[in-house]
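Chemist: First, the structure itself, so that you have it in front of you.
The values are calculated or read from the model by the stated rules, or taken from the named source; none is laboratory data. Bear in mind the structure is a predicted one, so any value in this text is a computation, not a measurement. Cβ coordinates were reconstructed from backbone atoms using ideal geometry, including for glycine residues, and neighbour counts include every protein chain displayed. Note: accessible area is taken over every heavy atom of the protein model, side chains too, but ligands, DNA and RNA are not part of it. Shrake-Rupley method; radii C 1.70, N 1.55, O 1.52, S 1.80 Å.
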Amino acid sequence: MQVSDLMLEGAQLMLLGMGSVFIFLTILVMTMKAMSWLAITVGGEEETLPSKAPVRDSGVDANIIPVIAAAVAVWRKRHN
């Protein structure tokens, strides 16, 4: 085989591989969109519960919190 024949065969193989990957990815995207549409259609609306931030005990004394807040406010005022 000559070099030109090998190059032509390589190009054909490359186009075949790229084409098959493109077709597979296109089918995958269409399937995912169809599944998303189906889930929205069949599933209906989700119940939304009001979310509240969980209260955690930070271990800091309640009298210290306003002092920390004031210190942060002063620091932000000086550095802006």
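Chemist: Can you tell me which residue in region 28-57 is modelled with the lowest pLDDT, limited to those that are among the β-branched types (Val, Ile, Thr) and either open to solvent by 100 Å² or more (accessible area, probe 1.4 Å) or in contact with an Asp or Glu (Cβ under 8 Å, 6 or more places away or on another chain) (or both)?
Modeler: Among residues in region 28-57 that are among the β-branched types (Val, Ile, Thr) and either open to solvent by 100 Å² or more (accessible area, probe 1.4 Å) or in contact with an Asp or Glu (Cβ under 8 Å, 6 or more places away or on another chain) (or both), the one modelled with the lowest pLDDT is VAL55.
Chemist: Also, I was wondering about something else. Of the residues VAL67, VAL3, VAL72, which single one is exposed (fewer than 10 other Cβ atoms within 10 Å of the Cβ) and of a type in the set (Val, Ile, Thr)?
Modeler: VAL3
Chemist: Suppose we filter LEU25, LEU15 for residues that are open to solvent by less than 100 Å² (accessible area, probe 1.4 Å) and out of contact with any Gly (no Cβ under 6 Å at 6 or more places or on another chain); which single one remains?
Modeler: Answer to the selection: LEU25.
Chemist: Same structure again: Exactly one condition in (1) in contact with a helix residue (DSSP H, G or I) (Cβ under 8 Å, 6 or more places away or on another chain); (2) modelled with pLDDT of 85 or more is not met by VAL60; state its number.
Modeler: (2)
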